[in-house]
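K.L.:
Let me give you the structure first, and then I'll get to my questions.
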């Protein structure tokens, strides 16, 4: 799945994922598929953002999405 190709600490837009899948106009389908993700940490749908770089829907809530993205960029 395309979500697995997004490295920790980085993000991709729905449009970028759609283009990666060879379906550049299917960004809404990418979003719809993300909502069906039963294992959100294993398939990191929190790394997908809006075209304007905004945080968009996440089943765990936008605060958790923001926390996860910040956590992944921390240097240890």
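No value in this document is a laboratory result; all are computed from the given coordinates. Given the structure is predicted, the values throughout are model-derived calculations rather than measurements. Methodologically, a virtual Cβ is constructed for each residue, glycine included, from the backbone with ideal geometry; neighbour enumeration extends over all protein chains shown.
K.L.:
Picking from 49, 41, which residue would you name as being exposed (fewer than 14 other Cβ atoms within 10 Å of the Cβ) and either on the phi < 0 side of the Ramachandran plot or over 11 Å from the mean Cα position of the chain (by Cα) (or both)?
P.N.:
Residue meeting the stated conditions: 41.
K.L.:
Consider region 34-68. How many of its residues are touching a helix residue (DSSP H, G or I) at 6+ places or on another chain (Cβ under 6 Å), under 15 Å from residue 14 (Cβ atoms) and without any contact (Cβ under 8 Å) to a residue 40 or more places away in the chain?
P.N.:
Total meeting the criteria: 7.
K.L.:
For residue 35, are the conditions met, namely being over 14 Å from residue 68 (Cβ atoms), in contact with a strand residue (DSSP E or B) (Cβ under 9 Å, 6 or more places away or on another chain) and exposed (fewer than 14 other Cβ atoms within 10 Å of the Cβ)?
P.N.:
No, not satisfied.
K.L.:
While we're here: Confirm whether residue 30 is in contact (Cβ under 8 Å) with a residue 12 or more places away in the chain and either within 17 Å of residue 13 (Cα to Cα) or part of a loop (DSSP other than H, G, I, E, B) (or both).
P.N.:
In short, yes.
K.L.:
Does region 6-26 hold any residues that are touching a helix residue (DSSP H, G or I) at 6+ places or on another chain (Cβ under 7 Å) and either in a helix (DSSP H, G or I) or in contact (Cβ under 8 Å) with a residue 60 or more places away in the chain (or both), and which are they?
P.N.:
8, 9, 14, 15, 17, 18, 20
K.L.:
Do we have any residue at all in region 48-69 that's within 14 Å of residue 6 (Cα to Cα) and not in a helix (DSSP H, G or I)?
P.N.:
Yes, that holds for at least one residue.
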